[in-house]
Amino acid sequence: DAGVIQSPRHEVTEMGQEVTLRCKPISGHDYLFWYRQTMMRGLELLIYFNNNVPIDDSGMPEDRFSAKMPNASFSTLKIQPSEPRDSAVYFCASSRTGAHHNEQFFGPGTRLTVL
Amino acid sequence: QKEVEQDPGPLSVPEGAIVSLNCTYSNSAFQYFMWYRQYSRKGPELLMYTYSSGNKEDGRFTAQVDKSSKYISLFIRDSQPSDSATYLCAMRSITGNQFYFGTGTSLTVIP
């Protein structure tokens, strides 16, 4: 398996623009997590899905952020409009139910810079 | 108060040293404790996890959990330059699916 795939790897955009981050989880994994990582705040959970259904989005900063998972192999995180304080590395991770749930497999991340 | 506290370091040690990395937490419901390693510009990867209290050893790595003190540790023996990375602790409750991460400790092993 290719692992968790994220695109784009780098994104530079201007304040006010819409940004869409994409994730393909590992086949067979039923949990998908979106995280944001900054030096100041570390790794923060934004939202997670189970079987394509959003379970907890309490970490989403505000209404500018939205996430979808239309099927088991694809998820998006959208920021509209983007702001400079959204600059961070965004990770997608997936895991399986059961004993293996403690191992989250992370993608390579999307490094977002909002000017 | 954050759920999980971790000293960010940075920590710099000579090759061959024993390294001790630590986290404290506040939620007594946490039962699964994990250590992730993150190389620069990469995603975190799981090193090992333990359930409840006790020790677990995997090669040069030992994870230790003291639930009475709400304190977990990762020991690295005979540290190598390839161990240079950021180490993040993470934990969750038995029924919870949300993982709570520490901010990570940056480690450099000097040849």
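Annotations
- Enumeration of residues in region B:67-93 that are part of a loop (DSSP other than H, G, I, E, B), at pLDDT 95 or above and at negative phi: B:Arg77, B:Ser79, B:Gln80, B:Ser84
- Hey, B:Gly96 within 10 Å of chain A (Cβ to nearest Cβ) and either modelled with pLDDT under 95 or in a strand (DSSP E or B) (or both) or not: yes
- Matching strands (runs of 3 or more DSSP E) fully within region B:26-66 where at least 2 residues are touching a Phe, Trp or Tyr at 6+ places or on another chain (Cβ under 7 Å): B:30-38, B:45-51, B:61-66
- Pair list, Cβ < 7 Å and 6+ apart or interchain, from region B:82-111 residues that are free of Cβ contacts under 8 Å to residues at least 60 places away in the same chain to residues that are of a type in the set (Ser, Thr, Tyr): B:Ser84/B:Thr108; B:Ala85/B:Tyr39; B:Thr86/B:Thr105; B:Thr86/B:Ser106; B:Asn97/A:Tyr31; B:Asn97/A:Tyr48; B:Gln98/A:Tyr48
- Any chance B:Phe33 is over 29 Å from A:Thr110 (Cα atoms) and not β-branched (Val, Ile, Thr): no
- Unique match (being farther than 25 Å from B:Pro8 by Cβ and within 11 Å of chain B (Cβ to nearest Cβ)) among A:Ser73, A:Ser82, A:Ser95: A:Ser95
- Residue-level check: of (1) at the interface with another protein chain (Cβ under 8 Å from one of its Cβ atoms); (2) more than 24 Å from B:Phe33 (Cα to Cα), A:Asn50 misses just (2).
- All positions within region B:87-99 that are under 18 Å from A:Thr38 (Cβ atoms) and surrounded by fewer than 21 Cβ atoms within 10 Å (Cβ to Cβ): none
- Region B:1-14, subset loosely packed, with under 13 Cβ neighbours inside 10 Å and in contact (Cβ under 8 Å) with a residue 40 or more places away in the chain, residue farthest from the other protein chains (Cβ to nearest Cβ): B:Pro14
- Restricting attention to region B:46-71, the residues being within 14 Å of chain A (Cβ to nearest Cβ) and surrounded by 12 or more Cβ atoms within 10 Å (Cβ to Cβ) number 9.
- All strands (runs of 3 or more DSSP E) inside region A:11-106 with 1 or more residues being surrounded by 18 or more Cβ atoms within 10 Å (Cβ to Cβ): A:19-24, A:31-38, A:42-50, A:65-71, A:74-79, A:88-95
The values are calculated or read from the model by the stated rules, or taken from the named source; none is laboratory data. Keep in mind the model is a prediction, meaning the values are calculated, not measured. Cβ coordinates were reconstructed from backbone atoms using ideal geometry, including for glycine residues, and neighbour counts include every protein chain displayed.
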